[in-house]
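The values are calculated or read from the model by the stated rules, or taken from the named source; none is laboratory data. This one's a predicted model, so the numbers in the text were calculated from it and none came from an experiment. Counting neighbours? That spans all protein chains shown, and the Cβs are built from the backbone with ideal geometry, glycine included. Surface accessibility is based on the protein's heavy atoms, side chains included, excluding ligands, DNA and RNA. Shrake-Rupley method; radii C 1.70, N 1.55, O 1.52, S 1.80 Å.
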Amino acid sequence: MSRVGRKPIEIPAGVTVTVNGSVLIAKGPLGEQQMTLPESITCQREGNTLTFHRSSDDKKIRALHGMVRALAANMITGVSRGFEKQLELQGVGYKAELRGKNLVLSLGFSHPVVFIPPEGIQITVSSPTQLSVKGSDRQLVGEVAAVIRKIRPPEPYKGKGIRYVGEFVRRKAGKAAGK
């Protein structure tokens with residue numbers, strides 16, 4: 001059996017999980033998410049735990065077993081605690097600010113960059129060089145953080161750009177001096 005797929009998921013207090021045929025719905029304090037299960041994977045709720053079972057030992061179905069369980073666990077964690085990615089800006093004059101819900105970035109371009117977050121994502125700016133992306137959908141939080149980082153990725157010579165907090169940027173030596 002799949003090592004990940006056979007682990008039961010504990011449902012925390014304040015979260016309700018319902019299984020309607022092949023649709024798994026999780027509701028919690030941070031919102032509601034739903035997922036459609038593949039035909040070969042079934043879900044059973046026993047008290048406060050969810051378990052996933054597969055119909056056969058085919059290679060593709062074994063792979064789906066662990067993935068579906070991990071997605072369901074992320075869904076339940078998302079509606080109860082949520083997910084967060086923190087980003088930092090490094091560079092002279094680089095700063096971030098919020099105008100309403102929109103993120104306005106000054107990154108050394110000739111114009112400020114305006115980023116409009118998708119629904120379900122909350123962006124907070126704790127200081128002009130620190131921002132965080134929060135939400136209940138793990139995939140969406142990671143995608144939005146990656147899109148923001150892609151606006152000005154860190155460059156290897158001076159390290160200027162947007163990076164994840166704690167990310168190591170390998171530095172290169174500059175141009176060698178003349179003869």
Looking at (1) under 23 Å from residue 83 (Cβ atoms); (2) in contact (Cβ under 8 Å) with a residue 40 or more places away in the chain, which one does residue 43 not meet, given that it meets all the others?
(2)
Within the range 98-114, is there a residue that is in contact (Cβ under 8 Å) with a residue 60 or more places away in the chain, under 22 Å from the mean Cα position of the chain (by Cα) and either in a helix (DSSP H, G or I) or surrounded by 14 or more Cβ atoms within 10 Å (Cβ to Cβ) (or both)?
no
I'm told residue 76 meets every condition in (1) open to solvent by 20 Å² or more (accessible area, probe 1.4 Å); (2) under 19 Å from the mean Cα position of the chain (by Cα) except one. Can you identify the failing condition by its number?
(1)
Go through (1) out of contact with any Leu (no Cβ under 7 Å at 6 or more places or on another chain); (2) on the phi < 0 side of the Ramachandran plot; (3) open to solvent by 20 Å² or more (accessible area, probe 1.4 Å); (4) touching a residue at least 12 places away in the same chain (Cβ under 8 Å) for residue 151 and report which single condition fails.
(1)
Of everything in the range 133-148, what is out of contact with any Lys or Arg (no Cβ under 7 Å at 6 or more places or on another chain) and not acidic (Asp, Glu)? Give them in sequence order.
134, 135, 136, 138, 139, 140, 144, 146, 147, 148
For the range 32-53, how many residues are open to solvent by less than 80 Å² (accessible area, probe 1.4 Å) and either at pLDDT 90 or above or touching a Phe, Trp or Tyr at 6+ places or on another chain (Cβ under 7 Å) (or both)?
13
Residue count, the range 1-28, condition farther than 15 Å from residue 45 by Cβ and surrounded by fewer than 11 Cβ atoms within 10 Å (Cβ to Cβ), comes to 2
